[in-house]
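A short worksheet on the structure shown next.
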Amino acid sequence: MELELLLKIDEDKNLHEYLYSHSEWYRYLNRNKSNFELLKKEYKNYKHNNTMNKVNDTIDNIELITNILKIVE
């Protein structure tokens, strides 16, 4: 992989963690450095979905608590 790409990845710790957990991207980046843009898009999509899942889980927990409180009353 080119040094320029390595430096860009090291600048963003979250992207680095994503790359570590999705190691198939190393192969794509080694083949062509233009795949870095695809990696960034995939990472942003993953981050967005992860955030939305957390929000949905929080909403579900709030609904569960309110239902339990209604039953206890």
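Coordinate-derived values only; no laboratory data. Since this is a predicted model, take the numbers as computed values, not measurements.
General observations
- Annotation: extensible slack from L64 through K13 equals 14.9 nm (criterion: 0.36 nm per residue apart, minus Cα-Cα distance).
- Working note: Debye formula, equal point scatterers on the alpha-carbon atoms of the chain, no solvent; log10 I(q)/I(0) at q = 0.19, 0.22, 0.27 Å⁻¹ is -0.77, -0.93, -1.21.
- CD proxy at 222 nm, helix term only [per DSSP H run n ≥ 4: -39500 (n - 2.57); per residue of the chain; nearest 500]: -29000 deg cm²/dmol
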